[in-house]
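A short write-up of the structure that comes next.
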Amino acid sequence: MAESSRHTRVCSVLFIDIVGYSKTTVAEQMVMKRECNELVTDALGQVSESDRVILDTGDGAAVTFLGAPENALFVALRARDGAGWLALRLGVHLGPVRLVHDLNGQVNVVGDGINVAQRVMSFCEQGQLLVSRSFYEVACRLATDYENLFTHMGEHRDKHDRAHEVYTIAADARARLKMAEAEWLQRTKPPPMRAGGSASASFPAPAHPLAERVTNEPARVFDAGINLIISGYNKAMVEKAIAELGGAKLISPINQVGDKWIATCEHPAVAVSACKVEEMGYTRIVTGPSREAVSAKVEELKNAGAFLVGDIESIGGKWTAVCEMGDAGR
């Protein structure tokens, strides 16, 4: 790798961006980033580490392919079709790059190749995959039927007024390339393991196209540590999931990010742990950040023989409950 820094290579570069990433909370970004990292790992399949360089771009990733151009084509399609709920933009370019080492001694990529890949990606709509003219021309020489996968989208100009001709790839491109991709996977998969072991790459089935998604699909709940992230294609389904959490307290409102509705809720376990119990003889004063958290804490005390006196009320900005310990808890 160190020797490569003195040489310019012409490589394919895939640039992936998470749509709306900067507009979400830190907890939501953690979930999105985790999903993106797993998606890229799955899409790469068995592409050797010596044949690619992955850069973390914060709100996505850039993958430089040092080997065959079709690696970039298949990985890009797999990432696009396997994105699921994650809203992505993807751009592919073929151009000159150099491998260098960053301040941490890690391999980095610089050059016009990676810069243009980012600009091609910036022309994308949500869920779209675009390629540059240079990648298109090379891809069309890989097989005679590849040319039919691309549609010319015209000329776009970046912020530096540089013109870029871009092409989109057909939504059913992976279906058309099924045989070619199977051959690619066969070439890149590791050798069989000995008896008793198994060696099979895990490649999830492609997600349904967005246009065919069922809008009443249940919302998903992601545990982000201190918070819960609820995500769904339908706002009503997100609201339903929140209700099923026992009325979890919303930290951020339900917002639309790309084609998804996302909300951040207080993690019930964290909320309960934030409650305080003050002992005054046989009386217990419970205070906490939300009614639900205090109620859960009261239930814990009830298991110890306490009973609630009156209602749970908001006093001085804190939710408060008064409990008396029964004979069992004395």
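No value in this document is a laboratory result; all are computed from the given coordinates. These numbers come from a predicted model, not from an experiment. Every residue, glycine among them, receives a Cβ derived from its backbone with ideal geometry; neighbour counts consider all protein chains shown.
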* To do: Over 16 Å, how big is the tail of the calculated P(r) for segment 55-103, in percent of all Cα pairs?
  => 49
* Neighbour net charge for M237 - beta-carbon separation under 10 angstrom, K R +1, D E -1 -> +1
* Which length gain, in nm to one decimal place, applies between E278 and V100 when the Cα-Cα distance is subtracted from 0.36 nm times their residue separation? -> 58.1 nm
* Cross-link table K240/K297; K33/K276; K249/K276; K33/K240; K159/K235, entries beyond 29 Å C-alpha to C-alpha -> K33/K276; K159/K235
* Structure fact -> 1/(1 + (r/R0)^6) with r = Cβ-Cβ of K159 and E217, R0 = 30 Å, i.e. FRET efficiency to nearest 0.05, evaluates to 0.20
* Asked: By the gyration tensor of its Cα atoms, with a ≥ b ≥ c the square roots of the eigenvalues, what is the shape of segment 4-149: rounded for a/c under 1.5, prolate for a/b over b/c, or oblate?
  -> oblate
* Taking square-rooted eigenvalues a ≥ b ≥ c of the alpha carbon gyration tensor, is segment 70-147 rounded, prolate or oblate, where a/c under 1.5 means rounded and, failing that, a/b exceeding b/c means prolate? -> oblate
* Structure fact -> Here the net charge surrounding A62, from other residues whose Cβ is less than 10 Å away from its Cβ (Lys, Arg +1; Asp, Glu -1), is -2
* Would you tally the net charge around N115, using a Cβ to Cβ cut-off of less than 13 Å, leaving N115 out, and scoring K and R as +1, D and E as -1? => +2
